[in-house]
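Right, one structure below, let's go through it.
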Ligand SMILES: C/C(=C\C(=O)SCCNC(=O)CCNC(=O)[C@H](O)C(C)(C)COP(=O)(O)OP(=O)(O)OC[C@H]1O[C@@H](n2cnc3c(N)ncnc32)[C@H](O)[C@@H]1OP(=O)(O)O)C(=O)O
């Protein structure tokens, strides 16, 4: 993506100095993590043993930033300006990404994640000024690379004060977003506050939009707790594997509209030539769209 030259509040030149920054972190796929991950997905946790295949997308729970409380920003994420650029737009979201699944992670694996800030761009969206930060990750074990990932983070301007308890600009984005197509396959999914809390705990993600309802409504202008992008992507990836009998080789996903807790939702899939189109729909409208290819 080329840098936008449109006028805005961002010092893009400064933010783009973060491009090329890298970090390497390590963690272990423990039996407890695998059991807790399965339980959060409402699957029998069993008794994971060293060498068992770990569930796909568990890598999002590995090696999270462990920043002391004094190093957190007002949204509960690490203060910006370390590995990630100090984007001054206050509302961070996980916008989407792409996974290339090259091999499984196993219980007991020592995992290394190498991350690189690939791009920082400014865009003007229907909901206001946006700043996208793209991060590339490579996740490896002693057997070699297991996953290549592109992660798109988006930073949004402050919510208009009028948005506090209505759908506000989220409603505008929802109207503009695509109507859900007819699905070949569908199953219900629930996102209540306990599940969101558990997923935040699994990923050591302190972002307050996922568990602090007052903060969500009063500070970020959302009408409820926001369902994590990686949790929605995990559901869709597992659904794709369930429908086809094996994990896809590539999985592209994009959050198109926030999904709030307590809203009736479904996982959906339609066949495509080389794979599946998938989406989460809340109240019938897509919140995350994905394509999986084998
Ligand atoms: C974990 C974690 C945080 C989370 O999990 S947050 C919850 C998960 N994420 C979401 O719920 C995001 C849902 N999406 C949205 O709210 C909107 O799509 C978004 C990102 C605010 C953008 O909406 P807009 O209506 O303002 O944008 P436009 O559709 O007008 O598009 C403007 C340009 O931006 C590009 N774009 C839009 N959405 C995305 C996306 N998801 N990924 C990449 N690019 C996107 C779009 O293509 C337009 O680009 P042009 O070049 O065509 O101008 C945690 O924090 O850790």
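Side notes on the structure shown:
- Alpha-carbon Rg/Rh ratio, for segment 1-137, with Rh computed the Kirkwood way: 1.03
- Per residue of the chain, the DSSP helices (runs of n ≥ 4 H) give a summed -39500 (n - 2.57) that works out to -5500 deg cm²/dmol at 222 nm.
- Per-selection Rg to Rh, segment 211-273 - Cα, Kirkwood hydrodynamic radius: 1.08
- All-pairs Cα distance distribution in the chain, expressed in whole percent, bin size 10 Å: 6, 27, 37, 25, 5, 0
No lab work stands behind these numbers, since they all come straight from the coordinates. Note that the structure is a prediction, hence the values are computed from the model and not measured.
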